[in-house]
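Heads up: the structure comes next, in structure tokens.
The values are calculated or read from the model by the stated rules, or taken from the named source; none is laboratory data. It should be emphasised that the depicted structure is a prediction, and the values quoted were computed from it without experimental measurement. Note that each Cβ is placed from the backbone with ideal geometry, even for glycine, and that neighbours are counted across all protein chains shown.
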Amino acid sequence: MDDNLLQERDAARRVDDVTAALDRLAGACTEDEELTTVLQRVCRQVIHAVPDAEIASITLLREGTPYTAAATGDRAHRVDQAQYEAGQGPCLEAARTGELQRVKVTEVAHRWPEFAAAAAGSSVVAYLSAPLVVDHQYHGSLNLYDTGGNSFGALDAALLDLYTSAAEGALRSTRRHQVARETMGQLRAALTSRAVIDQAKGILMALHCIPSDEAFELLVKASQEQNLKLREVAQNFVTAATQQQ
């Protein structure tokens with residue numbers, strides 16, 4: 001069979017693998033899942049999308065400080081940590097520049113010696129890292145490791161780029177739902193606080209025959225004297241007042 005035809009068939013098969021992996025990722029995601037859960041699933045699924053990959057990890061930057069948010073093995077943590085401690089390496093380069101990094105470990109020893117030493121110690125021969133952007137708070141890189149000696153080719157890089165671009169959509173959706181849940185929780189807490197403060201004010205107004213603003217000032221003064229939040233002071237006052245009835 002013609003070599004070109006074989007290459008075309010192999011490329012088509014690999015694209016199908018990416019599509020299947022993305023379908024599994026999308027099908028498994030739910031609105032109630034935490035972002036960390038979806039990140040771990042992305043790690044597991046990308047290995048199926050890029051067949052030459054044997055280990056995967058996700059690096060995120062928190063206020064400029066990198067950490068491994070998800071990984072499929074301990075070796076990933078060791079190799080990534082070596083980069084974090086040195087402040088340089090392909091995963092950080094991808095995260096900071098927004099450009100995909102495809103390297104053979106032996107060829108970058110002079111550029112990233114700490115990474116190369118850690119990778120060699122974990123039998124990693126090649127590394128592929130793509131920038132990953134969820135939002136302004138969650139961004140970094142999706143990293144692949146090859147320990148089989150095949151290295152990563154241009155097709156592997158293209159497949160990872162394709163997978164990462166699509167996976168970002170699932171992660172952004174999860175993040176939006178997470179932010180919405182957090183906002184609703186904060187809103188409920190704020191409404192609860194407002195309700196108990198208003199209740200305390202009402203009791204003070206009735207007890208002392210004072211207007212609303214004076215009752216509020218009494219609560220603020222008590223908050224400062226007791227070094228407690230206004231809501232706590234109000235809650236304690238309401239509890240004490242209702243128990244006396």
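Numbers for the structure displayed
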item	result
Test: residue in the range 214-229 that is surrounded by 11 or more Cβ atoms within 10 Å (Cβ to Cβ), of a type outside the set (D, E, K, R), in the same structural domain as Val108 (by TED's automatic domain parsing) and modelled with pLDDT under 85	no
Qualifying residue in the range 54-76 (condition: surrounded by fewer than 15 Cβ atoms within 10 Å (Cβ to Cβ), assigned to a helix (DSSP H, G or I) and small (Gly, Ala, Ser))	no
Matching residues in the range 118-159 - criterion: being in contact with a helix residue (DSSP H, G or I) (Cβ under 7 Å, 6 or more places away or on another chain) and in a helix (DSSP H, G or I)	Ala118, Ala119, Ala120, Leu155, Leu159
Filter result for His136 (without any contact (Cβ under 8 Å) to a residue 12 or more places away in the chain and within 18 Å of Leu35 (Cα to Cα))	yes
Any hit, the range 165-172, residues being acidic (Asp, Glu), assigned by TED's automatic domain parsing to the domain that holds Val38, under 16 Å from the mean Cα position of the chain (by Cα) and at pLDDT 80 or above	yes
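Conditions tested, residue by residue: (1) touching a Gly at 6+ places or on another chain (Cβ under 8 Å); (2) among the small types (Gly, Ala, Ser); (3) touching a residue at least 60 places away in the same chain (Cβ under 8 Å).
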{"site": "Gln83", "(1), (2), (3)": "yes, no, no"}
{"site": "Gly89", "(1), (2), (3)": "no, yes, no"}
{"site": "His110", "(1), (2), (3)": "no, no, no"}
{"site": "Gly121", "(1), (2), (3)": "no, yes, no"}
{"site": "Val124", "(1), (2), (3)": "no, no, yes"}
